[in-house]
Every structure is written in structure tokens, then in C-alpha cells.
Amino acid sequence: MLKRIIAASTCTVLLTLSAGASAQTADDKKVADFYKGNTVYVIIGSGAGGSFDLIGRTVGKYMAKYIPGNPTVVPQNLPGAGGYTAGARVSVTAAQDGTSIGAIQPAVIMDPVLGDPAQGIKRLNLAYLGNVAPNIEGCFMRTDAPAKSFEGSMNTEVVMGATNTTAGSAYGYLMLLRHILGVKMKVVAGYVSTTEIMLAMDRNEVQAICGIGYQSVISAKPDWFANDIVRAFTYQGSKVLPEKEMASAKPAVSYAKTDEQRQIMNLYDRQGEFGRPFVTGATVPPERIKALRAAFMSAVNDPELRKELTTRGIDVDPMDGENVQKLVEAVYATPEAIVEKTRTVMNSK
């Protein structure tokens, strides 16, 4: 009797495992059958050239190796509205079948939260496939400026360069530093680009720049750090950065004195964490979203892709789609009072 019970139990377990394996294989086969001979479009939310375009094309090329059924992957540039046009194509007007992938900018996620409410920018219904790398922005200051540190800037004015005085630019971040953390500053706006601001720093027209990818500065201006002309002042996020050039700086949020200040700075900093996101429509069949997420992670972990991007000066430090999705949901779950305070401060003078 005991032998019959054990044998019956063993058969039940094996049948259960077999059924689970069959179901999984059936899903995989269904996805592969759909994509085989099909075309997937990577909608890049920027013009040709530049880092976003390069990332979109490179990741798309390698995803073709890992999407079940190995479809043809075709990149398409669709600039406009800070990437929102591309995001809307993927989530609204394109077929919701997993044949459209978006390579978008963080503004697509943040503008519905921190953008001007009068513009009526709505949250897009997106499924996040993953993020290629964070885009952490830093602040950098000349070493001969009267203020010698972030703490010093709370008592001594720093001359900051800016391209314009709109909240959606780095100017909004400067206003958070001024009104939330207490940095004393004079803002000189009107520069055409961050490159021009860095030239102005070389000429000592301004003493500091904020809202620029810290790795871009390290790459573009190695002499600043080698000759102690400019030092890191502060940066986004909460992690300690490993580069020696950033050793003189701490995260801006670490200077917050109240829980409200921390929430405001953290809300702004989120966009740096999902700096290079890839998406598809949220109503795409779940088994295809799962397959695209797996293909994205396989692509960004492919040694050849990493070599191709890093030799072009682009960092690869991926986050999987599930974690990007959680991060985005946390942004949209921010209490309205914090959102309103952040938006008001970013639009101040």
C-alpha cells in the first residue's frame, strides 16, 4: 500500500511539472511564432545622431538576436516634445502587439508630474522593458570660486551658468538647490548649450554648472580634474559614485534637513535613475512583454553591445523592466502636496 501511495504521489508531481513545462514551452512557441518573419520598430524619441539615437539603434540591433523568432528590427527616428511624440506612438497609435518599442527620454515620464499643468501632458500607458544606464547629473564648480564646497555655497554666492530660465531645463534644478537646500547663487542664463557654459567656466565668466551628466563632464574635461581647475560640487541620487573625480562631492539630497526636502529632491532625482528607458505599450499581450524584457536584458548584457557602446563613451549599467516599472510607479504615487511644491519651486526665481 505504501509503495502504491508513493508511486501515485510521484506520478502526480511529474505530471504537474510536465504540465508547467508544457505551458511555458507553449507560451514561448506562441511568441516565437508571432515574431518569426515579423518586423519590430524601435521608435527613437530624438533626431539622428547623438547618444539617444546611438543607444536606440544599438540596443535594437542586439535585441533582434534575442527576441524569440528573431524578427527584423528597424530603427525609426521620431523626435518631438522631448521624446513624448515617440512615447505616444508606442502607447497610443501603434498596434499594441509588441511590434513597436520606444527608446524615450526621462521627460516622457516626468513631464506629466512636474510639467506645466496648463499644457495638459498626460501619463502614457507604458510597459517598461528596462533601462540601459542611469543618467546622473552633477554640479561642478571652479576651485578658485569664493565658495569652496556645497556647504560653503550656503553662505557665499556662486555664479551659475544656465541655458534659459524654464523649469524643464537645468534652471529648475538650480531653483531646487536655491529654495529647498539654501544654496546662494547668481544665475547667468542665455547660453546656447552646456558646452558653451563649460567654455564660459574656462573663461571664468561663470563659476559653476549644474544639470549635466557627470560622466560627460569627466570625459569632456579631464584637464579640469587633473589640474584641479574644477571640482565636483554635488550630484543627483543617493549612491556614492565610484569615480575619483566625484570624490569631492556628496549627493544633494544628503543636505536635506526635513522629510519634505528629502521627498522633493528624491522626486527630481528619480529621472536620473531611469535615464535611458525602453518601453512598449502596456496593453501588449503579457507573454510578449515578458519576452521583450528578457531580450532587452540579454542585449544589454551582450559583451559585444557593451564594447560597442563603451568605446563610444556610453556607460552600460542596466536595470530590468520590472524594477524600472516599480520606480516609475513610485514617481506617480508621490503625494500631490510634494508634487505641487516641487513644481512651484522649479518655476520660481
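Kindly work out what percent of the DSSP beta bridges joining two residues of the range 102-209 are antiparallel, to the nearest 5. That works out to approximately 25 percent antiparallel.
Under the convention that each Lys and Arg Cβ holds +1 and each Asp and Glu Cβ holds -1, the size of the dipole of the range 137-270 around its Cα centre is about 240 debye. In a simple Cβ point-charge model (Lys, Arg +1; Asp, Glu -1; nothing else charged), the range 197-294 has a dipole of about 380 debye relative to its Cα centre. If both residues of a DSSP beta bridge must be in the chain, then about 50% of such bridges are antiparallel.
Annotation: amide H of LEU126 within the under-5 Å range of ALA282, sequence separation 5 or more or interchain, hydrogens built in the peptide plane.
Based on Cα contacts under 8 Å between residues 6+ apart, the range 137-270 shows a relative contact order of 30 percent. Distance distribution P(r), the range 137-270, all Cα-Cα pairs, bin width 5 angstrom from 0: 2, 11, 23, 25, 22, 13, 4, 1 percent. A full extension of the chain between ALA48 and ALA81 corresponds to an added length of 10.3 nm, given 0.36 nm per residue minus the alpha carbon distance. Of the residues TYR173, ALA330, ASN77, the one whose Cα sits farthest towards the positive end of the charge dipole of the chain is ALA330 (charges of +1 on Lys and Arg Cβ, -1 on Asp and Glu Cβ, taken about the Cα centre). A straight Cα-to-Cα reach below 20 Å connects LYS65 with the lysines LYS29, LYS30, LYS36, LYS290, LYS307, residues fewer than 8 places away in its own chain not being considered. Taken about its Cα centre, the chain carries a charge dipole of roughly 580 debye when the Cβ of each Lys and Arg holds +1 and the Cβ of each Asp and Glu holds -1. The alpha carbons of the chain give a radius of gyration and a Dmax of 23.6, 92 Å, in that order.
Pairs of Cα atoms nearer than 8 Å and 6+ residues apart set the relative contact order; for the chain it is 24 percent. Over the chain, DSSP H runs of length four or greater, each weighted -39,500 (n - 2.57), average out per residue to a 222 nm ellipticity of -14000 deg cm²/dmol.
Taken together, the values in this text are just the output of simple stated rules run on the coordinates, not laboratory data. Everything numeric here is computed off the predicted structure, so don't read it as measured data. Methodologically, a virtual Cβ is constructed for each residue, glycine included, from the backbone with ideal geometry; neighbour enumeration extends over all protein chains shown.
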